[in-house]
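Here's the structure, in structure tokens; my notes come after.
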Amino acid sequence: SQQGEEDPQALSIQEGENATMNCSYKTSINNLQWYRQNSGRGLVHLILIRSNEREKHSGRLRVTLDTSKKSSSLLITASRAADTASYFCATDSRGSNYKLTFGKGTLLTVNP
Amino acid sequence: DVKVTQSSRYLVKRTGEKVFLECVQDMDHENMFWYRQDPGLGLRLIYFSYDVKMKEKGDIPEGYSVSREKKERFSLILESASTNQTSMYLCASWDTENYGYTFGSGTRLTVV
């Protein structure tokens, strides 16, 4: 079952600009994570935010979580061409036993 | 770094063949997962395992089975491959320390 839905489906920006991707989900969650996938490869874990947190930072990444709106956003600041990838949000909920439910992803293209 | 290794990057099999996709992790993780990824559908959970010889169905188990005889190895089996099983297959293990998945590089399977 699909829990997260990313928005937009695709985003194209210039190097140096900021990129914002959004994720909405339907049911209550314990945690929300963001993953990155380079073309044709496996996903890489980027950042985790717990349901009792509102904002988290890691390097050029900033994640926010609004549980009242059931939404999260991932901001990548000062983007680079190497940030070109697909980005997925994933959620787990009480009793899910480490099973993550993924959204369909946002394809980010950073043009040099 | 945790490594999750999938034995093949690309695989071409014929309809009706029995296909084995192998996944090995080197960090003694208990929980392992198989997902398939298709354009427009995102990642969907096929099977997962909490421990040796334990397995549970995910969202789309039909046409698949799994084997976990040793903790480090989790195999996905396509009993009789069909063209609608052409997909990217991703194996993951649960990293308790980072509270997230470590993924393998994926196996792109084509059934002809």
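Since every read-out is calculated from the coordinates, none of them should be taken as a lab result. Note that the structure is a prediction, hence the values are computed from the model and not measured. Virtual Cβ from ideal backbone geometry, glycine too; neighbours counted across all protein chains shown.
Which of the three applies to chain B, rounded, prolate or oblate, going by the alpha-carbon gyration tensor with a ≥ b ≥ c and a/c under 1.5 meaning rounded? Because a/c hits 1.5 or more and a/b exceeds b/c, chain B counts as prolate.
Using a Förster radius of 22 Å, what is the FRET efficiency between residue B:71 and residue B:98 based on their Cβ-Cβ separation? Nearest 0.05, please. FRET efficiency, residue B:71 to residue B:98: 0.70. For segment B:1-83, the list of trypsin sites (Lys or Arg not before Pro) that fall in a loop by DSSP and count at most 13 other C-beta atoms within 10 angstrom reads B:3, B:9, B:14, B:18, B:53.
One chain, two ends: residue B:84 and residue B:110. Fully extended at 0.36 nm per residue, the span grows by 8.4 nm beyond their Cα-Cα distance. Label positions at residue A:69 and residue A:26, each projected 7 Å from the Cα along the C-beta direction, are separated by 2.1 nm.
Here the gap between residue B:54 and residue B:9, fully extended at 0.36 nm per residue and compared with their Cα-Cα distance, gives a gain of 13.6 nm.
Per residue of peptide A:91-98, the mean number of Cβ atoms on other chains within 10 Å of the residue Cβ is 3. Panel order for B:62, B:22, B:79, by other beta carbons found within 10 Å of each beta carbon, from fewest to most: B:62, B:79, B:22. Name the lysines eligible as straight-distance cross-link partners of residue B:70: C-alpha to C-alpha under 29 Å, and not fewer than 8 places from it in the same chain. Qualifying lysines at Cα under 29 Å: A:99, B:3, B:13, B:18, B:53, B:55, B:57.
Tell me, B:52, B:4 in order of fewest to most beta-carbon neighbours within 10 Å?
Least to most surrounded, the residues fall as B:52, B:4.
To the nearest 20 debye, what charge dipole does the protein assembly as shown have about its Cα centre, counting +1 at the Cβ of each Lys and Arg and -1 at the Cβ of each Asp and Glu? That gives a dipole near 260 debye.
Quick one: order A:91, A:106, A:20 by neighbouring beta-carbon count within 10 Å, fewest to most. So the ranking, lowest neighbour count to highest, is A:20, A:106, A:91. Split chain B at each of the chymotrypsin sites (Phe, Trp or Tyr not before Pro) in a DSSP loop with at most 15 other beta carbon atoms within 10 Å, and the longest piece is B:1-49. Shown here: the protein assembly as shown, whose C-alpha atoms stretch 48, 37, 32 Å along the first, second and third principal axes, sorted largest to smallest. Qualifying trypsin sites (Lys or Arg not before Pro) in segment A:1-47, where qualification requires a DSSP coil assignment and no more than 14 other C-beta atoms within 10 Å, comprise A:26. Go ahead and collect, in residue order, the members of segment B:74-103 whose backbone nitrogen is under 19 Å from a label point 7 Å along the Cα-Cβ direction of residue B:17. So the set is B:75-90.
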